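Below is a structure I'd like to ask you about.
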Amino acid sequence: MMDPVRELKVRAEILKKALASADSGALERLRVLPEMRRAAAPALAATVASIRRKHCLAVVAREHGFSSWAHALRVLDGDPGEVDFGTMLYGESSGGFLHPWFATYPEARACMDDATRSGARPFLLAFGRQFFVAEGEFVTTLGLDPQDGDWQALAWDWARPRDGGARRRLYAKRLAALRGTR
């Protein structure tokens, strides 16, 4: 199983090489950086020589729902002080689902516990600083297997997992599912 941090580093290196070969698609990807968002095409092309690894890491982090490379590292490493989980757990194909959303973890946890008591197998997931409770069908749209043993290892709770290693492995599986779609 790949390490999610290593996977993002590899993707950043691939981006850097594509930029060095004047790939126009790679150049456009730089627009996720605030300082490049409104740059005219010639100005964007002129910046390629000054693009460093840190810029590519920032691009890849933003493309995967994190505000910066440092933010991605905190989330993927399971920093308990990080309260913003990024947006990786909500994809383009996720829009057709209705979930109960919550501003606080205790509210989301109570909803999950209620659903569990009534016989359901809910998943408590995070989006930015918010929480939502989803069903297995939604997890499938993320390219993840709702029957994967890692869900049980983290007690179906992404925000406060029983086993942080399981969440890290699920992040890696989510990145694998996203491969080729970005």
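Cβ contacts < 6 Å: first residue among the hydrophobic types (A, V, I, L, M, F, W, C), restricted to region 14-30; second residue outside any helix (DSSP H, G or I) and surrounded by 14 or more Cβ atoms within 10 Å (Cβ to Cβ), any location; separation 6+ or different chain. Result?
From residues that are among the hydrophobic types (A, V, I, L, M, F, W, C), the pairs are Leu19/Ile51.
Can you name the residue in region 35-47 that is loosely packed, with under 14 Cβ neighbours inside 10 Å and assigned to a helix (DSSP H, G or I) and is also nearest to the chain's Cα centre (by Cα) among such residues?
Kept after step one, since they are loosely packed, with under 14 Cβ neighbours inside 10 Å, are these residues of region 35-47: 35, 37-38, 40-43, 46.
Still in the list and also assigned to a helix (DSSP H, G or I): 35, 41-43, 46.
Numbers: Glu35: 22, Ala41: 28, Pro42: 31, Ala43: 30, Ala46: 30 Å.
Step by step, filter region 35-47, then rank; the result is Glu35.
Looking at Arg121, Arg109, which one is without any contact (Cβ under 8 Å) to a residue 40 or more places away in the chain and either surrounded by 17 or more Cβ atoms within 10 Å (Cβ to Cβ) or more than 18 Å from Arg174 (Cα to Cα) (or both)?
Numbers: Arg109 fails: without any contact (Cβ under 8 Å) to a residue 40 or more places away in the chain.
Going through Arg121, Arg109 in turn, the sole match is Arg121.
For region 48-70, give me each residue that is assigned to a helix (DSSP H, G or I) and either aromatic (Phe, Trp, Tyr) or without any contact (Cβ under 8 Å) to a residue 40 or more places away in the chain (or both). Even if it seems obvious, please write down each step before you answer.
Quick first cut of region 48-70, residues assigned to a helix (DSSP H, G or I) only: 48-50, 53-63, 69-70.
Selection gives Val48, Ala49, Ser50, Lys54, His55, Ala58, Arg62, Trp69, Ala70.
Can you work out which of the residues in region 55-95 that are among the β-branched types (Val, Ile, Thr) and under 20 Å from Lys17 (Cα atoms) is farthest from the chain's Cα centre (by Cα)?
Val59
Step by step: first the residues of region 1-20, then only those that are acidic (Asp, Glu) and surrounded by fewer than 16 Cβ atoms within 10 Å (Cβ to Cβ), then the one that is modelled with the highest pLDDT. Which residue is that?
First pass over region 1-20, keeping only residues acidic (Asp, Glu): 3, 7, 13.
Now narrow it down to the ones that are surrounded by fewer than 16 Cβ atoms within 10 Å (Cβ to Cβ): 3, 13.
Working: Asp3: 94, Glu13: 97.
Filtering first and then ranking leaves Glu13.
Continuing with this model, one more query. Can you tell me which residues in region 124-172 are hydroxyl-bearing (Ser, Thr, Tyr) and surrounded by fewer than 15 Cβ atoms within 10 Å (Cβ to Cβ)?
Step one: list which residues in region 124-172 are hydroxyl-bearing (Ser, Thr, Tyr), which gives 140-141, 171.
Answer for region 124-172, where residues must be hydroxyl-bearing (Ser, Thr, Tyr) and surrounded by fewer than 15 Cβ atoms within 10 Å (Cβ to Cβ): just Thr140.
Here's another thing I want to ask about it. Considering Gly78, Gly25, which residue is closer than 25 Å to Trp158 by Cα and not charged (D, E, K, R)?
Working: Gly25 fails: closer than 25 Å to Trp158 by Cα.
Result of the check over Gly78, Gly25: Gly78.
Also, I was wondering about something else. Could you list, in sequence order, the residues of region 10-47 that are basic (Lys, Arg) and out of contact with any Cys (no Cβ under 7 Å at 6 or more places or on another chain)? Steps first, please.
Within region 10-47, the first condition is being basic (Lys, Arg), and the residues that meet it are 11, 16-17, 29, 31, 37-38.
Selection gives Arg11, Lys17, Arg29, Arg31, Arg37, Arg38.
So, one more: Only one residue in Val83, Val32 is exposed (fewer than 14 other Cβ atoms within 10 Å of the Cβ) and touching a Lys or Arg at 6+ places or on another chain (Cβ under 7 Å), so which one is that? Reasoning before the result, please.
Numbers: Val32 fails: exposed (fewer than 14 other Cβ atoms within 10 Å of the Cβ).
From the options Val83, Val32, the qualifying one is Val83.
Run down Arg74, Arg29 and say which single residue is closer than 25 Å to Asp148 by Cβ, charged (D, E, K, R) and not in a loop (DSSP other than H, G, I, E, B). Step through it out loud before you land on a result.
Values: Arg29 fails: closer than 25 Å to Asp148 by Cβ.
Exactly one residue qualifies, and that residue is Arg74.
Could you check region 90-106 and list, in sequence order, the residues that are modelled with pLDDT under 95 and exposed (fewer than 13 other Cβ atoms within 10 Å of the Cβ)?
Glu92, Gly95, Gly96, Leu98 - these are the residues of region 90-106 that are modelled with pLDDT under 95 and exposed (fewer than 13 other Cβ atoms within 10 Å of the Cβ).
The values are calculated or read from the model by the stated rules, or taken from the named source; none is laboratory data. Since this is a predicted model, take the numbers as computed values, not measurements. Backbone-built Cβ (ideal geometry, glycine too); neighbour counts: all protein chains shown.
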